[in-house]
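**Q** Take a look at this one; I'll ask things after.
The values are calculated or read from the model by the stated rules, or taken from the named source; none is laboratory data. Keep in mind it's a predicted model, so treat the numbers as computed, not measured. Positions of Cβ are generated from backbone atoms using ideal geometry, with glycine treated the same way; all protein chains shown enter the neighbour counts. Each accessible area value is taken on the protein alone, full model and side chains, heavy atoms only, with ligands, DNA and RNA left out. Shrake-Rupley method; radii C 1.70, N 1.55, O 1.52, S 1.80 Å.
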Amino acid sequence: MPIYAISFTSSRTGWAVGALGTMLVTVDGGNKWRPIRGRNRRVAILSVHSRRRNISFSLLAKLSADQGYRSTVLLPSRGDFGPDGPVDMTLDRRANAAVTAAGGSAVELGWRFPVALPGLDRNQKRLWDDWNLRSEGRLREVLLGSLVSQIRTWRPTVLILDAAAKDDALTGLLNQAVIQAVRQAGEPAHFIRPAELTGLKSWKVSRIYIRLADGSSGHAKVSPHEYLPHRGTVNHMLATAAESRLQSPRRQTGKQEAYRLILDRTEKRNAGKRGFFSGLVLWPGSEARRLLAPIDSNELARARSKRQRRRNLRLAVAAALIVLLVGGGSLWIISREQSPPIVTTPPSTIAQTTTSSTSIPTTTTPTTTVPDLGPSQLTRSADPLLLPLSAAQPCGTEDELAAWASSTLPDFPTDAVSAARAALSGEASVTPKSRNGPVEQIRVLMVARRSAREQRIQSLNQLRHLVFTAPEEIRVRFKDRPKRGLVSEAANMRPCKGSDPVTYTTNLVIRNLARRIKALNTEMADIDGMLTDLIIQTAPGLLDQYGVGVDTAASLLVAAGDNPDRLSSEGSWAHLCGVTPLPANSGKVTTRFRLNRGGDRQANAALYRIVLTRMSSHDETRRYVTRRREEGLSTPEIMRCLKTICGPPNLQTPPHMI
């Protein structure tokens with residue numbers, strides 16, 4: 001590890017401190033140093049960036065500050081060089097302050113490879129010639145040697161790079177050098193002499209990720225809105241505060257950072273596509289990870305609730321913006337930097353004042369006319385504290401306003417805006433599900449039935465495996481027996497103590513398991529009888545529908561509740577069961593939909609079983625499947641359509657399926 005300071009208290013006793021909290025002591029005048037803190041520590045993440053603007057403080061906040069992975073940022077090149085050397089003399093101090101505030105451990109700033117001329121980082125040939133001249137014609141050896149030394153010093157598990165644009169020669173050259181350095185750092189035959197002088201051993205990096213453009217799809221992702229439970233804050237708040245110590249924070253786009261895996265040396269090659277450290281064992285308190293403080297569950301629940309309320313408020317403002325501008329009325333739009341009171345008033349009651357679109361009103365009661373702003377004027381360039389908008393006359397189409405709102409408020413998803421609009425208009429009125437009738441009895445019985453079914457499956461598997469591994473005479477007795485016959489015969493066994501002790505104990509356990517299975521079968525049969533009576537009482541005719549059994553009918557009724565009249569439409573039932581169509585458009589294709597992963601999963605599974613049964617043997621459903629397949633729909637899309645139109649109180653065949 002790099003040593004930052006050395007101090008001797010006497011001629012023989014001295015102390016040294018270094019990176020990652022390393023502390024050394026000597027009692028012989030410096031001939032031998034003994035570590036007293038931070039022995040064998042290393043980093044889990046090494047981020048290599050061509051420019052300080054590319055440092056991902058969100059990544060550091062999530063993985064280092066919240067999850068405890070030690071990390072180091074490496075900037076091999078500097079862009080603040082002039083004819084006489086570095087111009088910004090405080091960059092090193094500010095960079096370390098920013099990275100450590102975000103949870104990182106250290107920053108290494110290079111000085112051998114500056115970008116001292118304008119446009120040098122955009123021309124690969126000029127950049128190579130300039131660096132080659134500064135390294136006395138040994139650019140490849142000096143650059144690779146420096147990077148190999150950094151890798152062997154910090155010993156990272158994961159290495160992060162930036163994606164290079166077409167005209168970004170600086171990032172492209174550094175990425176090529178880093179990838180070669182990773183290979184050579186893991187081979188002892190490379191850079192032998194520096195390794196002997198410094199004592200650095202070869203080190204193999206497990207994974208390399210490259211950061212993509214914000215909003216892209218990658219193998220690992222970092223969301224700026226993710227809550228960090230160990231820090232008690234949201235990712236982008238911690239990252240922005242840390243970045244402000246180094247430079248002006250970038251404007252939050254609301255889009256998540258995406259990283260693509262380009263090298264994986266672990267045994268589980270696909271694990272790296274699920275996360276940075278998936279399949280890797282780095283326990284808290286290990287050499288590359290800090291100990292994590294315990295989380296107060298009550299405090300965590302309160303923080304998450306507070307964060308959700310704030311997000312709901314922002315979603316309501318986004319929806320109100322579209323509703324009021326399209327339907328009439330006026331709205332004071334709140335900028336992200338400030339949070340003054342929201343003022344919404346109809347145009348007939350406003351005594352308006354003459355003011356520019358970028359001025360800040362001093363009162364909440366304007367007195368003269370506010371000028372109309374069309375969609376062309378609604379741009380993100382004007383970001384005042386309060387921006388007055390009037391909708392006395394429509395400001396463009398709803399699509400234009402929605403597009404402008406999504407660009408101005410980018411972290412508000414379409415689904416949430418639609419939900420907020422429905423709530424504001426009164427269309428979405430929620431009635432809680434009651435639990436005071438026969439459906440609540442069904443729910444309680446289903447809890448017991450699922451438990452009995454799981455125990456029965458577990459006991460049956462144990463019984464069969466005991467028979468497989470039993471002594472020869474037991475295996476011969478139960479050979480080729482079906483499950484039902486195996487349970488019946490095993491339950492009637494009478495183990496004899498006079499036999500071999502192992503055989504006696506095995507027979508005794510097999511008999512007990514078989515009797516447990518029979519008892520669970522009896523319990524499930526009794527529950528099914530009670531469920532059948534309750535289902536017939538609650539929804540007569542439901543069990544007569546094709547593909548509906550006791551289990552599926554009970555699951556659907558539990559989802560609907562004792563007051564199914566609260567489900568005002570087919571759409572509300574589909575949303576409750578998680579079968580509502582979600583847009584999955586791509587390019588010119590605007591008719592694709594994907595499956596919904598939300599809703600009641602038990603009801604969703606029940607609908608899936610019903611649809612699967614009907615698709616295999618129900619004539620009307622099979623004709624419907626054939627017709628929709630001819631229209632170009634895939635099987636999952638057809639099943640989604642079928643699940644959408646199935647539900648209580650009955651499952652009659654819709655007319656359009658005949």
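**Q** Can you spot the lysines whose alpha carbon is less than 30 Å from LYS497's alpha carbon? Ignore those fewer than 8 places along the same chain.
**A** LYS479, LYS483, LYS518
**Q** For each pair in LYS62/LYS273; LYS204/LYS268; LYS62/LYS268, compute the distance between the two Cα atoms and list the pairs where it is over 20 Å.
**A** Distance filter (> 20 Å) returns LYS62/LYS268.
**Q** Using a ≥ b ≥ c from the Cα gyration tensor of region 1-84 (square roots of the eigenvalues), is it rounded, prolate or oblate, where a/c under 1.5 gives rounded and otherwise the larger of a/b and b/c decides, a/b for prolate?
**A** Oblate is the answer for region 1-84, as a/c is 1.5 or above yet b/c matches or exceeds a/b.
**Q** Given a 1.4 angstrom probe, I'd like the percentage of the accessible area of region 268-316 that is carbon and sulfur, rounded to a whole number.
**A** Here it works out to 52 percent.
**Q** Continuing with the same structure: Leaving out ligands, DNA and RNA, what percent of the accessible area of region 477-619 is carbon and sulfur, probe 1.4 Å?
**A** Looking at region 477-619 in its full context, I get 53 percent from C and S.
**Q** Which of the trypsin sites (Lys or Arg not before Pro) found in region 88-121 are in a DSSP loop and have at most 13 neighbouring Cβ atoms, other than their own, within 10 Å?
**A** Answer by residue number: there is no such site.
**Q** While we're here: State, to one decimal in nm, how far the label point of THR522 lies from the label point of SER248, with both points 7 Å from Cα in the Cβ direction.
**A** So the label points at THR522 and SER248 sit 8.0 nm apart.
**Q** Quick one: length gained pulling VAL27 to LEU263 fully straight, 0.36 nm per residue minus the C-alpha distance? Present the calculation step by step, with values, prior to reporting the outcome.
**A** Numbers: separation 236, 0.36 × 236 = 84.96 nm, distance 4.49 nm.
Using 0.36 nm per residue and subtracting the Cα-Cα distance, I get 80.5 nm.
**Q** For a label point 7 Å from the Cα of VAL444 along Cα→C-beta, name the residues of region 532-555 whose backbone N is under 16 Å from it.
**A** Answer for region 532-555: 532-535.
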